[in-house]
Every structure is written in C-alpha cells, then in structure tokens.
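Here the structure comes first, spelled out in structure tokens, and everything after it is commentary.
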Amino acid sequence: MNFFEEQDQARRSTHKLIILFVLAVLSLILVTVIAIHALFYFGQNHDGSFITGLNDRIFSLQMFYITFGILIVVGAGSLFKYIEVSKGGSYVAQKLGGVAINFDNANAQQKVLLNIVEEMSIASGIIMPKVYVLPEPSLNAFAAGHSTNNAIIGVTQGLLDALNRDQLQGVIAHEFSHIYHGDMSINMKLLAVLHGILMIGLLGELIVGSRRSRYSRHSSNRSQRSDGSSKIAILGLLLLVFGYAGVFFGNLIKAAISRQREFLADASAVQFTRNKQGIGSALYVIGKQSQSSILESSNAKEFGHFYFSAGATGLFSGWFATHPPIKDRIKRIYPHGYSEALLFNETNIQHKTQPEPTKTVNDVFELDPQQSIVPLSTLGQTIENIGQFDHAHLAQAEIILTGLPLILKEACHHPFDAQCLVFTILTHNNLDVLNTQNKYLETNINSNLFSAYLKLLPESQGLNSLDKLTLIQLAANSLKDQSPEQFKNFMHHCKHLIHADHKIDIFEWCVFQILHAVYTPKVTKQTLSLHESEQAVRDLFYALIQSTSSEHQQQAAQAGFERIYPQGIIEIFDKKTSALSFLESSISKIKQLKALEQPILLKGIAKTIEFDGVLDENEAQIFRALGIILDCPMPVLLVN
C-alpha cells in the first residue's frame, strides 16, 4: 500500500470514526430515554403496557429535551477538546510536560536527537518536526499533529539515556511512519470524540455528587426529601454508568485501531533505516524492564494511543492496550527468531559516542567518480517513493547537511535567525536588485535583525535550489514561535523581497506558500475530483511551464496535461502575463484533490518537467516544493 492509499485509508477510518461517534451518541440517547421511562413507569405503578408507554415517551416533548440536552453536552465536550487539539502536536507535548529543544539549548544527547530528526526530514521531504523532550525517566516517544507539515516529535529523557544512536534512529523512524501514514490525524480526532462521550459520564458524576452533598446536609430530616429528588439522583447514576460505558467501548475501538498501526510503523522503521537491529534492540531494551515505558505525567492515559510503547496502566489494561506486546513486535521484525546476541551485534550497532566517518556521494552509492552529475531517480520514481524513503535517501540527506554552511544550519533553529535566513534565501543574484532589497530591509526591520541578516548573507550567496529548499524545511517550524503579528510582518517583508525585481518565479512562490502553510495549518477536506479541479490544474500548468527550461513548452505542457486529462488541450498564453496570479486563487482547490487522484496530477507535472529528457536542479526542487505545499512529501532526489 503506497502513501496515497494510506492517506485515503486514514480518511476512510476518520469517516468510520465519525459514524461510530454518531451511533454511540444515538445509543446513549435511546438508552437514557428507556432508563428514564423505566424509572417513572415502575416508580409510579402504571397499569398500561411498558412498551406502549415507551413509544409515547419517545415521541414526547420530554424526549426532545433529553435528546437536545445530551447533544449539547456531547457536542460541547467534543468542541472544547477539538479547539484544544487544533493547536497541533505542541498541545499534546505540553500537556505531557515536554520542553521544546533546539541547538541553542540542547545538550550533547539532545543534539544527536536533533541531527537524526534533521536527516529524516530532509530524506523524507517533510518540514522538520519541532522536537520536545519530556524530563522523566520512562522510555518512550511519540509523534503528534494534524499533517506532515505541522508535526512534532516527543522523546523522554529516559529514552535518550538508555539508547544509542542507531536504536534512537529506529525509534524516530517509527514515529516518522506515524507522521507519513496519517495516524497522527486519527489520534487527534479520537481525543475529541472520546472527550465528548466522556462528558455524559462526567455530567452524571456531577449530579450524583450534588445529590449526595444535599443528602448529607439534610440527613437530620430525611423524610422531607422529595421523590423527585431521588429520581434525579438515579438519573445522574444512570448517566454516569452509560457515559462511562460509552468511554469503555470507545477505548476498545481506540486500542484496536492503534495496535495494528504499531506493527506497520515498526515495519516502516526497518524499511526507512535498512537496520532491523536499531528498532529491534530498542524494543528489547524497553521490554526488558517491566513498565519502563510508563509515563509519570497525570495526563499520560489520555494520550496512550500516541506513544511508541505502552505509556499508561489501569483497570482492564489488557483490553485497552494500545500497543501489541513488545515480544510480538520483535517477532514481527525477526520472524525466524532472535537472541540478545543478534539484537546487540556490535558490528552493526553503532555506539552513540563513536565518531561517524565522513561520507561522500560515491561512498554511499558506490559510483564511478568519472560519471557526470546525473539524477539516479526520476520524478516518476520519486512519486512512487512518497512515504517510502530508505537508507539511500538518509545517506543523501546526511551529505546535504554536511555540505551546508554551519552558520546557516544553526540559524534554522532559532525564530530570530530563521527570519534572517529566509530573507537571505529570497535575495537576488543581480547586484542592483540585491541593493534594493538591502535598502528595504535596512529601513523596515530593526537594526539587530538587519545585522544578523548581513552576517548570514555572504554564506547564502550562490546557494542552489536544493540547499534553499533544505534550509526552508529545517527553519519553517522555528518560525511558528513568532506571534501572529510578528509573522504577519515577517511575511510582509518576504513579499517585498520577492517583488523587488518586479516579478516572481515559481520557486519563490513555493517558498512563500510553504511558510504560510506551516504557520497557519488547515485541515483540508480532500473531496474534489480532477474533473472538478480542471481549471485550477490548468492554472498550475501555466505557472509551471513559465519556469521550465524546455524550448518546447507547448508540447511539454500538452504532454503533461494529457497525462491527466487524455482529451484535454492546453494553450500557452502571453508570457508577459504572470501565471502565478492565476495559481494564487487556484491552489486551494488543488489541495482539496482526493488522495487517490493526487498521484495522477503529480505524474502529469513530472511528464511536463521531464519532457525534454533533461531534469535540472531547479525543476526538481520546484517539484518537491509543490509536494510539500500539497502535503505529499517527496523523498530527496538521489543524485550522483
């Protein structure tokens, strides 16, 4: 199953979750009405038929009030939790006591973690997740967020202390699988759904508690307690029972969904790293100590389905287990059996303090150094590899990181310096245009920011599009730490830099869109077909062909367009008209394409870009940037 099928399945699972939620609420309403009817029927000794009376009550005004009341309580509970989780993965990390880290405040252990996350982000083609460390001794990790572009990764200090680099890489690869396959989004929605049902139980608990308090205050005169008061107390008890029964079955569903996704994430970790022993020995270390993965946080149980390993215990913990037993997970990785000696083969497991040898491209891919610089994977192969990067992509990412100036890499991880870094990426090679941009910044940003920008500018001159896109991937999440007003001003400055030469190319437009998407993430409903989005796709092709280096733009555009619409015809308009003005209003529709139709669009774009048989670096990075905007992260292109 490929990335798009996984995304489609994740959305189908969400739809099933909504249906189950509606059925659960309707069941709660029906059971509550039956219980209330029984309470009044047997409490007042009615002579009529129970069923006849129930039928009358179901269609009564009383039933309307009950239904309305339950819907209000459940809806308010779900809405409240939905608003909370809409803040993204950082909400989960902060509720668990996580502390965000970057290279400025990280210790040696944490820098190893950040390096691993950096490499995987570049290799996979996603925006680098923000990293949190939970200051507690348990051995666990998690990923949270709504999409690949606004994910976070959390790791406990105990895990950092216990694992070496390869084992930690296996754990992080497991979490990247959850990011890729849509598991995070389902987990976030589960939080809202279960909280809404829980509100019924909490309401019943409140009623029972208030009745008990009133009973104790008037215990000296019990005869004065009314029959209606007793019935209210019984009603509260029924709501409590039914509400928590709903939560009980909801947790069973949550556990069943989570257990199967864990096996997939373990398998993906092996695929991503090509190292069974990394993830296998990490699981062994965690499983060797009973309850070593249990978190101390009071909120641990609420987020149990997010963790790498079981993070909470309680009544019916076997039934509610969100993770398969550790031994079963290791057996899936080693179906023919395993031993401690196999898991900890020192020739394959690298100690975290051991220095790593410097690699070159030829070392990684075993290529003839006399070969010219050519891509080793086509754009078509890149599409097929979405969600399926491997050790070759990780090695390529390591090489890219090694080649970047240290001062620019460090700037990625601080909101202040990340702004300056983006400004330098948007500067022009033409000296006159660069002078215009410098004058604008000197006049419109504060002196400290401008000084930091000038410090980074010499190192950024001559960056190729691969370097620029890599730095954007690493820096984008740091920019989220700005306030809304700060980010608005920052994007205003970016616009001025882009328009300094009185035109905008598609790579600049992509950078702007990536920054906007990361700061203001929106959960887009993917419901449109290619037929419904044809005009938006035309606008995308108009912008694309203006940026290609092909001498046969009409033929290239037609070839790609026909790949999507077999009978379609596309005409190139006057080049003086900026196609991006059309694309600006159309990109929202393209983002709403159904998951299974997105690869068709991407293959059509690839056909146009590769029409002349030459794939230049700028075209390749534009393609990957479009993937980030569409939330279809593409692995880094393998090149010699």
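The values are calculated or read from the model by the stated rules, or taken from the named source; none is laboratory data. No experiment lies behind these values; they were computed from the predicted model shown. Cβ sites come from the backbone with ideal geometry, for glycine too, and all protein chains shown count toward neighbours. Just so you know, the surface numbers come from the protein's heavy atoms only, side chains and all, with ligands and any DNA or RNA stripped out. Shrake-Rupley method; radii C 1.70, N 1.55, O 1.52, S 1.80 Å.
General remarks:
- Segment residue 34-residue 298, length gained on full extension (0.36 nm per residue, minus Cα span): 91.4 nm
- FRET efficiency, residue 455 to residue 94 (Cβ-Cβ, R0 30 Å, nearest 0.05): 0.40
- Taking the protein heavy atoms of the stretch 424-555 in the context of the full set of protein chains, the accessible area attributed to carbon and sulfur is 49 percent at 1.4 Å.
- Heavy-atom accessible area with a 1.4 Å probe sorts 519, 334, largest first, into 519, 334.
- At R0 = 41 Å, FRET efficiency that the Cβ-Cβ distance of residue 489 and residue 111 yields, to 0.05: 0.85
- Surrounding net charge for residue 473, when Lys and Arg each add one and Asp and Glu each subtract one, Cβ distance under 15 Å: 0
- Taking a sphere under 11 Å around the Cβ of residue 328 and counting the other residues whose Cβ falls inside, with K and R at +1 and D and E at -1, yields a net charge of +3.
- Near residue 144, once Lys and Arg are set to +1 and Asp and Glu to -1 for all other residues with Cβ below 11 Å from its Cβ, the sum equals +1.
- Excluding ligands, DNA and RNA, the accessible surface per residue across the stretch 413-477 is 42 Å² with a 1.4 Å probe.
- Average accessible area per residue (Å²) across the stretch 103-169 - probe 1.4 Å, nucleic acids and ligands excluded: 21 Å²
- Residue 323 - accessible surface, heavy atoms, 1.4 Å probe, Å² rounded to 10: 10 Å²
- The length gained on full extension between residue 448 and residue 431, counted as 0.36 nm times the residue separation minus their Cα-Cα distance, comes to 3.8 nm.
- Gain in span if fully extended, residue 76 to residue 401, counting 0.36 nm per residue against the direct Cα distance: 112.3 nm
- Carbon/sulfur fraction of accessible area - the stretch 594-637, other protein chains in place, 1.4 Å, %: 55 percent
- Accessible-area order (highest first, 1.4 angstrom probe) of the listed residues 185, 124: 185, 124
- Checking the Cα-Cα distances for 276/327; 87/189; 409/468; 130/301; 468/603 against a 19 Å cut-off, the pairs over it are 130/301; 468/603.
- Label-point gap, in nm, between residue 83 and residue 496 - each point 7 angstrom along Cα→Cβ: 3.6 nm
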